[in-house]
Structure formats: C-alpha cells, structure tokens
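K.L.:
Below: one structure in structure tokens.
The values are calculated or read from the model by the stated rules, or taken from the named source; none is laboratory data. Only a predicted model underlies this, so the values are computations on that prediction, with no experimental measurement involved. Heads up, the Cβs are rebuilt from the backbone with ideal geometry, glycines too, and the neighbour counts pull from every protein chain shown.
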Amino acid sequence: MAQPQRLVVLISGRGSNMEALLQAAQRRRWAARWGAQVVAVLSNRPQAQGLQVAAQHGVATEVVDHQAYPSREAFDAALAQAIDAHQPTLVLLAGFMRVLGAGFVARYQGRLLNIHPSLLPAFAGLNTHARALQAGCEVAGATVHWVDEGLDSGAIVAQAVVPVLPADTPETLGQRVLAAEHRLYPRAVERLLAAGL
Ligand code: GRF
C-alpha cells in the first residue's frame with residue numbers, strides 16, 4: 001500500500017461536514033483501501049459542538065482558541081504547530097470560520113481543502129443562501145476547493161448542484177445545500193485518495 005494518508009479536520013461549530021467525513025471513512029473503508037484515517041479534529045472554538053461528535057467517534061480533538069492569541073499571525077503559528085504534530089497529508093476545513101493568513105496557506109499549499117456553501121465563483125464569503133435567493137438563482141449548491149490566499153477563490157475540486165424552489169427561504173435552501181455538502185465532501189476526498197492525492 002502507498003503512504004498512509006493522515007487527514008486532519010478543522011472546525012469551528014456544529015461539525016456536520018466533519019461527521020459526514022468520519023462516517024464515510026468508516027462506511028467506505030478508507031483505512032483498508034487507502035490507509036486513510038482522520039487522525040485529529042481541531043477547533044478554534046472551545047465550545048464547538050463538533051468536538052464532542054469527533055470524540056464519540058474516537059478521534060483525537062484539540063482546541064486552538066483564536067481568542068488566546070494577540071494576532072492572526074500568532075494564532076496561525078499555533079494552529080500550524082498543532083496541525084503539524086499530526087503530520088497530515090490533507091487538511092480539511094469543514095465549517096472553519098477563521099480567515100487564514102498567506103503564510104499559513106502557503107505552508108499547506110496543495111494539502112488544504114475547504115467546503116463552501118455556494119457554486120463558486122458565485123457567492124464567495126458569507127450569507128450565501130440569502131444572496132442566491134436575492135439574485136434569483138434557479139440552482140444553488142456547494143463547492144469543494146483548494147484553499148489559496150484569496151477568499152473562497154482556490155481551484156475547484158468538486159461541486160454539487162441543488163434546485164432553488166419557489167418557496168425557499170435562506171433556511172430551507174441552506175438545509176438542501178447542507179445535505180448535498182454531506183455527500184460532496186466525502187466524495188471529493190475519496191476521489192483524491194483514489195488518485196493518490
Ligand atoms: C457549511 O455550510 C460549510 O459549507 C460552511 O459552514 C457550514 C459548516 O457546517 N463553510 P458544519 O459545521 O459542517 O455543520
């Protein structure tokens with residue numbers, strides 16, 4: 001078998017995408033097929049619900065609280081140290097709500113993925129569902145992309161499309177997109193694993 005693939009997931013909150021990754025890893029036997037394993041879940045928020053979910057799955061968790069650092073550079077350095085301790089081949093942002101500095105992004109170039117709840121390059125940034133409705137979009141969706149130094153601007157790895165329905169609110173559209181995210185992120189990671197990254 002090729003080199004083991006060590007995956008580190010970064011979260012800030014609920015962690016439902018992280019859970020989808022953990023479930024897919026188990027159900028689709030990532031360890032047996034590609035030696036791939038989620039070795040740690042890191043959060044910048046001590047209260048992130050996803051930390052408990054990860055622990056229930058038996059995955060090591062760690063908090064690097066951004067509020068404990070005087071600058072973004074200091075936080076990025078502490079986060080990088082925590083990540084590097086796990087020697088990851090891939091770092092998966094899953095609802096990680098901090099903008100990362102250029103130095104951090106460069107350090108993990110080609111190893112850092114994100115999931116964003118819109119069809120990029122449309123609607124980078126926040127409030128994607130309200131903005132999609134406002135614009136009159138007939139379809140919405142989610143994007144898995146490599147992270148570069150821009151805002152949600154890196155190369156696209158995979159996308160999922162869902163319909164926008166006439167009665168949609170940002171909440172109902174958001175739920176439909178989130179369900180699509182839960183299928184998309186594991187599928188995108190699996191495709192990279194199968195390709196040898
Ligand atoms: C998801 O919609 C993700 O695309 C966005 O933040 C949300 C995180 O949800 N970046 P969860 O924490 O994975 O449940």
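K.L.:
Name the residue that is nearest to Ala195 (Cα to Cα), counting only residues in the stretch 6-18 that are more than 6 Å from the ligand (Cβ to nearest atom) and surrounded by fewer than 21 Cβ atoms within 10 Å (Cβ to Cβ).
P.N.:
Result: Arg6.
K.L.:
So, in the stretch 36-54, how many residues would count as being of a type in the set (A, V, I, L, M) and part of a loop (DSSP other than H, G, I, E, B)?
P.N.:
Going through the stretch 36-54, the residues of a type in the set (A, V, I, L, M) turn out to be 36, 38-42, 48, 51, 53-54.
Retained after the next criterion (residues that are part of a loop (DSSP other than H, G, I, E, B)): 48.
Going through the stretch 36-54 one residue at a time, the tally reaches 1.
K.L.:
Determine, yes or no, whether Leu22 is assigned to a helix (DSSP H, G or I), under 14 Å from the mean Cα position of the chain (by Cα), at pLDDT 95 or above and under 17 Å from Arg6 (Cα atoms).
P.N.:
yes
K.L.:
For the stretch 98-124: of the residues being over 18 Å from Val162 (Cβ atoms) and buried (at least 21 other Cβ atoms within 10 Å of the Cβ), which is nearest to the ligand (Cβ to nearest atom)?
P.N.:
Only one residue tops the list, namely Asn114.
K.L.:
Which members of the stretch 87-99 meet the condition of being aliphatic (A, V, I, L, M), more than 8 Å from the chain's Cα centre (by Cα) and farther than 18 Å from Pro46 by Cα?
P.N.:
Of everything in the stretch 87-99, those that are aliphatic (A, V, I, L, M), more than 8 Å from the chain's Cα centre (by Cα) and farther than 18 Å from Pro46 by Cα turn out to be Leu90, Val91.
K.L.:
Can I ask one more? Looking for whichever is within 11 Å of the ligand (Cβ to nearest atom), touching a residue at least 24 places away in the same chain (Cβ under 8 Å) and aliphatic (A, V, I, L, M) here; the options are Ala40, Ala48, Ala25, Ala54. Which one fits?
P.N.:
Among Ala40, Ala48, Ala25, Ala54, only Ala48 is within 11 Å of the ligand (Cβ to nearest atom), touching a residue at least 24 places away in the same chain (Cβ under 8 Å) and aliphatic (A, V, I, L, M).
K.L.:
When you look at Val189, is it under 22 Å from Arg27 (Cβ atoms), of a type outside the set (Ser, Thr, Tyr), buried (at least 21 other Cβ atoms within 10 Å of the Cβ) and more than 13 Å from the ligand (Cβ to nearest atom), yes or no?
P.N.:
So Val189 passes the test.
K.L.:
Another question about this same structure. Going by what's in this entry, would Ala179 be described as hydrophobic (A, V, I, L, M, F, W, C), over 30 Å from Glu73 (Cβ atoms), within 11 Å of the ligand (Cβ to nearest atom) and surrounded by fewer than 19 Cβ atoms within 10 Å (Cβ to Cβ)?
P.N.:
yes
K.L.:
Follow-up. Any idea which of (1) crowded, with 16+ Cβ neighbours inside 10 Å; (2) under 25 Å from Gly50 (Cα atoms); (3) at pLDDT 95 or above; (4) not acidic (Asp, Glu) is the one Asn127 doesn't satisfy?
P.N.:
Against the list (1) crowded, with 16+ Cβ neighbours inside 10 Å; (2) under 25 Å from Gly50 (Cα atoms); (3) at pLDDT 95 or above; (4) not acidic (Asp, Glu), Asn127 comes up short only on (1).
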